[in-house]
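First comes the structure, then the notes that go with it.
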Amino acid sequence: MLRAIRSFLAEVPPIVSRFTRDLVSTAEGWLDDLAGALGPGDGLFLPAGKGASILILGGIAMVVISLSIALYVSPRATHKGPGRSTESDRAGSGTNGTGEPRPRFSAAHAGPMPEPAWLERLRETIAQKNLGEVVLLSERSGRRAVAIPACSGPEARQGAPTCDHAHKLIQAELRAVEPQGRVLAVSCKAQGGQACVFEIRTGGSIP
Amino acid sequence: MNTRLNADDRHLSLGVPLGATIGAICGFITYWVGAGIIATPDLAQTSASVIPFELSRPFHTVTAWEIVIVLTGATIGGLVSRYKWQKVGLLSYVALISLTAGYIVYALTVSIPRVAPGERWLSFILLGAEAGGLFLIVIFSFYSLDAATRRRWTRVSSEQPWDPLLQPHVALVVPIYNEPYEVVEQTVAHLVEQNYPEERFHVIVADDSTDEESRQRMARLCDRLGAHHVKRKSRQGFKAGALNNVISQLPEEVELVSIIDADYWVDPDYLRSIVGHFTDPDIGFVQTPQDYRNGEESFLTKQYKRAEAYFYHAIMPSRNEQNAIIFCGTMGMIRKSALEDVDGFAEDQVCEDAEISVRLAANGWDSLYVDESFGEGLMPSVFEAYKKQFHRWAFGNVRILFSHAGTILRSKMTVRQKFDYLASSLHWFDGYFVVAIGAILLYLGLGPILGYDAVTHHQRELVLLALVPFALLVDTILRLHLVLRQAGADRWRDTFLIQGMWFSIKVTNVIAVTKSILGFNTPFVRTPKAPGGPLSRTRAALRSLRLTKIESAFGGALATVAFVNLYHIGMGPPQIGQIILSLWLLVYASFFLCAPLYAYLSYRTLSPMTYQGLSIDAITGAGPPPAVTFEKVDPSQISQRSSR
């Protein structure tokens with residue numbers, strides 16, 4: 001096969017074989033230089049091959065030993081994946097390990113949010129319409145759930161279905177301050193629900 | 001003045017120097033043990049009083065190599081300090097670097113210079129193949145050690161308790177293309193049974209099937225179950241095109257999109273368990289593991305399920321720590337606005353799922369991996385399907401690498417994210433190195449048969465070739481076992497069988513990667529999941545050989561040449577080079593012969609399973625039960641709050 005390769009090389013255009021020969025001889029020159037630089041004798045530089053042999057044999061021995069120890073000491077985790085991290089694990093660990101840590105799940109870590117202006121106005125409007133008091137059921141980043149206990153009151157019954165009326169009121173108050181805000185009806189008392197509950201979303205990209 | 005340091009400062013001030021110190025100690029131990037092994041023959045002949053001095057030689061006679069390995073250890077220790085590995089993990093990685101570096105230096109300074117100049121061309125090819133293989137081993141060792149020896153996980157998803165007030169609208173999209181009706185029927189039935197307010201999720205079947213009758217039947221099923229059936233005139237863009245078509249038609253209020261494969265039975269709690277993670281506005285997609293219900297269907301499915309555990313319970317958690325996971329095409333959920341931000345799925349890619357992960361990360365979206373299974377699908381149970389799947393993955397991932405390498409490098413991703421996304425496609429290339437080394441061994445082994453003497457010239461390399469790759473093979477098996485054990489696979493036998501399964505697909509990967517590099521266009525090929533029935537011995541053998549022509553021929557040639565060499569050794573004086581060559585030929589023959597063996601076993605052990613699905617009549621008769629109602633608010637609680 002070697003003979004076949006040689007005859008093939010002899011037949012290809014001379015420039016190609018000359019280039020190949022030059023490439024190989026250059027690489028061989030580098031090799032000789034490297035061998036000379038790394039292995040001139042004892043002392044700081046070990047004899048040629050001795051240093052590499054130490055790295056190879058030391059590496060083999062320690063790979064086998066360390067992995068055997070790891071097999072022995074690491075727990076036989078039969079659960080899937082790593083255990084859940086604790087609060088202290090996560091504290092201060094930014095996603096990429098650089099810069100200021102970002103709260104991964106703001107709902108879990110953020111403190112109570114200040115009440116926005118529109119909610120105050122909404123409370124006043126709902127009170128003026130005799131629909132009872134707006135109850136803030138929950139709040140998390142960019143979203144709030146409110147209940148209006150008396151939204152099925154006499155004034156609300158006039159015209160459209162009850163929840164639609166309250167829905168529009170909230171929507172109007174919210175949009176006046178936050179044009180991107182959205183109101184979603186979650187539950188309606190007039191339709192058999194136990195309370196009229198609305199989810200109010202602010203902040204644009206928040207789902 | 002506040003003198004307390006925050007976590008990052010503490011890490012920089014203590015973690016890195018401490019890690020570097022431990023790494024340097026690991027480097028020194030490696031050197032010391034290596035020097036001790038080298039000196040053992042001499043020590044055996046010296047007097048006992050000299051031994052302590054000789055063993056402590058690395059402490060008082062510093063060499064260049066000692067400095068190099070200690071500095072290398074310090075560098076690695078400093079770099080991985082933030083990952084909080086166990087010390088044995090760091091020692092293992094430093095030792096692996098020492099082993100590979102020593103191997104390459106030895107080849108360059110000792111083996112090759114001693115080969116006759118006219119014979120060195122083979123040495124260079126061998127060195128290139130070995131260096132490439134070693135490079136990949138070093139990279140992927142990092143991931144397995146990270147998964148197996150990490151002490152602190154910082155991005156493990158907290159459980160998101162169901163909050164009835166958090167109910168974003170979700171679209172569950174099932175792309176189908178000529179899948180059996182019965183398979184899709186159960187998928188849709190499971191999806192409409194989600195424990196989630198029914199007005200807030202939509203099940204959509206994106207039907208690209210070619211048979212009109214089948215499409216009409218599917219449309220009727222969707223109608224019965226309250227799902228939507230979407231079809232198109234052309235299959236433009238294949239699966240990605242079908243998904244884009246559906247997403248473009250979604251109502252405005254739909255904020256999250258989940259893609260579900262046609263064969264998945266999804267847990268009723270899937271939506272309510274996942275939507276909460278999107279309260280972080282930076283999260284672009286959430287991925288959960290793929291899981292399978294046909295794990296006992298054949299020899300192949302048993303190994304496949306365990307091998308997938310390696311990816312989903314080792315690689316993905318490790319990459320999740322760096323915010324660099326991939327979207328896996330099923331059982332994942334994407335924010336619609338993120339999809340719109342990157343202009344949807346790429347229709348010119350066959351791995352549109354992995355591809356979109358790269359563009360989302362490049363556009364600044366975060367991702368989150370939730371290591372909890374919420375559904376079970378079907379995996380390929382016979383070798384033909386397995387081969388098709390890996391062909392598509394290898395082809396598609398390498399195309400992603402070539403088409404997006406520039407995007408990744410120019411993006412604002414962190415260095416580690418860039419590394420993860422670039423490195424994740426590299427393992428598809430490992431087949432080249434296995435094939436190249438196999439071919440070189442074959443050439444060396446053919447010498448005695450064809451009448452040329454290559455073994456004498458490359459005797460020294462053969463000794464090295466026997467020692468180091470064998471050590472690396474042991475290293476790979478140990479690490480794999482370490483990780484698989486964490487994923488629940490305890491037996492050593494399973495580790496070897498999984499390794500064999502990966503070897504069985506190497507040539508397929510080489511072909512797919514070559515096609516991808518050469519710019520071939522491969523249409524999206526759906527992985528067939530209907531296995532058929534078991535085959536007789538003869539038919540199974542014939543089909544296996546037909547499917548693995550290259551692997552069988554190459555493996556057979558390697559084995560034959562190995563036996564011929566062993567026969568030659570028996571006829572004359574033993575040569576260490578030829579003995580090692582013969583053994584190494586047999587090892588490589590076994591790598592390639594895994595393909596026909598696994599193919600044969602997949603057909604012979606095939607036992608198609610039937611599953612107890614949901615009753616469609618029960619679902620439609622009672623109507624989709626609203627498992628979660630909106631009346632979650634306790635009226636007494638409201639009145640109490642009102643009165644305050």
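The values are calculated or read from the model by the stated rules, or taken from the named source; none is laboratory data. What you see is a predicted model; the values in this text were computed from it and never measured. Here Cβ is always computed from backbone atoms with ideal geometry, including for glycine, and neighbour counts include all displayed protein chains.
Of the residues making up the range B:1-40, those that are of a type in the set (A, V, I, L, M), farther than 16 Å from B:ILE76 by Cβ and at pLDDT 85 or above are B:VAL33, B:ALA35, B:ILE37.
What residue, among those in the range B:175-207 that are of a type in the set (Asp, Glu) and closer than 22 Å to B:GLN612 by Cβ, is surrounded by the fewest Cβ atoms within 10 Å (Cβ to Cβ)? For the range B:175-207, the residue satisfying everything is B:GLU182. In the condition set (1) at pLDDT below 90; (2) out of contact with any helix residue (DSSP H, G or I) (no Cβ under 8 Å at 6 or more places or on another chain), B:TYR270 is compliant with all but (1).
Condition (residue is among the hydroxyl-bearing types (Ser, Thr, Tyr) and at pLDDT 90 or above) applied to the range B:374-384: is it met by at least one residue? Within the range B:374-384 (the criterion being among the hydroxyl-bearing types (Ser, Thr, Tyr) and at pLDDT 90 or above), the answer is no, since none of the residues qualifies. For B:SER403, the stated conditions do not hold, so it cannot be described as surrounded by 23 or more Cβ atoms within 10 Å (Cβ to Cβ), farther than 27 Å from B:SER504 by Cβ and among the polar types (S, T, N, Q). Within the range B:437-455, the set of residues being small (Gly, Ala, Ser), at pLDDT below 90 and surrounded by fewer than 19 Cβ atoms within 10 Å (Cβ to Cβ) comprises B:GLY451 only.
When we screen B:HIS169, B:HIS229 for residues that are within 13 Å of chain A (Cβ to nearest Cβ), touching a residue at least 24 places away in the same chain (Cβ under 8 Å), touching an Asp or Glu at 6+ places or on another chain (Cβ under 7 Å) and not small (Gly, Ala, Ser), the only hit is B:HIS169.
Does the range B:465-473 include one or more residues that are under 20 Å from the mean Cα position of the chain (by Cα) and at pLDDT below 90?
Checking the range B:465-473: at least one residue is under 20 Å from the mean Cα position of the chain (by Cα) and at pLDDT below 90.
Among residues that are at pLDDT 85 or above, crowded, with 20+ Cβ neighbours inside 10 Å, among the aliphatic types (A, V, I, L, M) and within 24 Å of the chain's Cα centre (by Cα), B:LEU172 is not included. Looking across the range B:289-341, just one residue is of a type in the set (Phe, Trp, Tyr) and facing chain A (nearest Cβ under 9 Å), and that is B:TYR312.
Among the listed residues B:ILE76, B:ILE51, B:ILE69, which satisfies the condition of being within 11 Å of chain A (Cβ to nearest Cβ), without any contact (Cβ under 8 Å) to a residue 60 or more places away in the chain and assigned to a helix (DSSP H, G or I)?
Among B:ILE76, B:ILE51, B:ILE69, only B:ILE69 is within 11 Å of chain A (Cβ to nearest Cβ), without any contact (Cβ under 8 Å) to a residue 60 or more places away in the chain and assigned to a helix (DSSP H, G or I).
Within the range B:122-135, if we keep just the residues that are surrounded by fewer than 17 Cβ atoms within 10 Å (Cβ to Cβ) and not small (Gly, Ala, Ser), the residue that is farthest from the other protein chains (Cβ to nearest Cβ) turns out to be B:PHE135. Considering only residues that are of a type in the set (D, E, K, R) and surrounded by fewer than 16 Cβ atoms within 10 Å (Cβ to Cβ), look in the range B:529-578 and name the one that is modelled with the lowest pLDDT. Going through the qualifying residues, I end up with B:ARG537. Does B:TYR386 meet the test of being in contact with a Pro (Cβ under 7 Å, 6 or more places away or on another chain) and either more than 14 Å from chain A (Cβ to nearest Cβ) or surrounded by 20 or more Cβ atoms within 10 Å (Cβ to Cβ) (or both)? Spelling it out, B:TYR386 is indeed in contact with a Pro (Cβ under 7 Å, 6 or more places away or on another chain) and either more than 14 Å from chain A (Cβ to nearest Cβ) or surrounded by 20 or more Cβ atoms within 10 Å (Cβ to Cβ) (or both).
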